[in-house]
Amino acid sequence: MKTGLVLEGGAMRGLFTAGILDVLLEADVTFDGVVGVSAGAAFGINFVSRQLGRTIRYNKRFAHDWRYCSIRSWLTTGDLFGAEFAYHVVPEHLDPFDCETFEQSKTAYHLVCTDVRTGKAVYQQLNKGGHETYDWVRASASMPMVSKPVRIGEHLLLDGGVADSIPLAYFENEGYERNVVILTQPEGYIKGHNKLMPFMRIALHKYPAMVHALDERHIMYNKQLEYIRQRELEGKALVIRPTEKIKIGHVSHDPDEMQAVYDIGRREGLKQLERIREFVGSFG
């Protein structure tokens, strides 16, 4: 029976997930597969490459570097998070991604993007490190309005969370029957309609299917939460959530604020570690 790890996005809230993942790395807890969305994809790939502490390290190190994330980057390149610097210079030179360990891992790595021309989810399994893999990760994490669509093959891609925010059903369809799901919103959270939709309609007017997906994202997301609760009650999923709303914006330039969110994740990971071990170990 295959075990999976499903990672929601949430921009800088994803540092909560990063803290949990580092606890799992320290405890040598493994899964047959990982699927991540947006920040879940960008941070979860470091779990497969077994690079303990890498996520919090590079986010803090480049917190004040305009090339990594800034209004200046957005105005000059079209991407809030610098496409070249954040997704190529950093993993290839400044804080190298461990391609060898990633490629040799027995844990399959999947991520989710949204095709802007169809508004539908695009699922991709990645087996190799390198330039194209970093572009897939960038596409999954590219927030609408502050990112340019990423062209990969026949696809033109943005944030995977628009089409499939929490891909538990996808992973179950891929044969992962027992899944740990890490969310970045607390119990009881209900997503509302995006207040920026008037601006989204203007910014993405060339892509009506993407606009439609954004307009109805809250409906999709809340249905996914209901499905996750059902699977949790059935014992098919183990869900880890923050106990309260995480106090950090989509973007942060404060290393202390980042560390605080990461530490919340570490504490929750340590608290839930035995449950996770039992859940994964009992159904290996």
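The values are calculated or read from the model by the stated rules, or taken from the named source; none is laboratory data. What you see is a predicted model; the values in this text were computed from it and never measured. So basically every Cβ, Gly included, is an ideal-geometry build from the backbone, and we count neighbours across all protein chains shown. Surface areas here come from the heavy atoms of the whole protein model, side chains and all, with no ligands, DNA or RNA. Shrake-Rupley method; radii C 1.70, N 1.55, O 1.52, S 1.80 Å.
For the reader, a short list of remarks on this structure follows.
- Annotation for the range 1-65: trypsin sites (Lys or Arg not before Pro) lying in DSSP loop with at most 16 further Cβ atoms inside 10 Å of their Cβ are Arg50.
- Its relative contact order, with pairs defined as Cα atoms under 8 Å and 6+ residues apart, puts the range 126-219 at 22 percent.
- The packing ranking of peptides 39-48, 263-272, highest mean first, is 39-48, 263-272, where packing means the average number of other beta carbon atoms within 10 angstrom of each residue.
- Lysine pair number, Cα distance threshold 19 Å (strictly under), the chain, separation 8 or more or different chains: 13
- In plain terms, if you count all Cα to Cα distances in the range 1-71 and split them into 10 Å steps from zero, the share in each step is 20, 53, 22, 5, 1 percent.
- Shape call, the range 156-284: gyration tensor on alpha carbons, a/c limit 1.5: oblate
- Under the Karplus curve 6.51 cos²θ - 1.76 cosθ + 1.60, θ = phi - 60°, whole-Hz ³J(HN,Hα) for the range 216-221, x wherever Gly or Pro sits: 10, 4, 4, 5, 4, 4
- Accessible area per residue for the range 146-284, computed on protein heavy atoms with a 1.4 Å probe, is 53 Å².
- Inverse of mean 1/r across different Cα pairs in the chain, Kirkwood, Å: 18.7
- For Leu238, nonlocal amide neighbours, meaning residues 5 or more places apart or on other chains whose placed amide H falls under 5 Å from its own, are Asn179, Val180, Val181.
- Computed extension length for His193-His212: 5.6 nm, one decimal, from 0.36 nm per residue of separation with the Cα-Cα distance subtracted.
- Dimensionless Rg ratio for the range 44-146, taking C-alpha atoms and the 2.2 N^0.38 Å reference: 1.10
- The range 101-198 shape via C-alpha gyration tensor axes, a/c threshold 1.5: oblate
- The chain: most fluctuating residue of Phe199, Phe81, Phe102 per GNM, C-alpha cutoff 10 Å: Phe199
- Extents of the range 175-215, taken as max minus min of Cα coordinates on every principal axis and listed largest first, are 41, 28, 11 Å.
- In order along the range 106-112, the Karplus-derived 3J(HN,Hα) couplings, from 6.51 cos²θ - 1.76 cosθ + 1.60 at θ = phi - 60°, round to 7, 8, 6, 10, 10, 9, 10 Hz, and Gly and Pro are given as x.
- Among beta bridges identified by DSSP and lying wholly in the chain, the antiparallel ones come to about 40 percent.
- Percent carbon-and-sulfur accessible area, the range 1-105, ignoring ligands, DNA and RNA, probe 1.4 Å: 52
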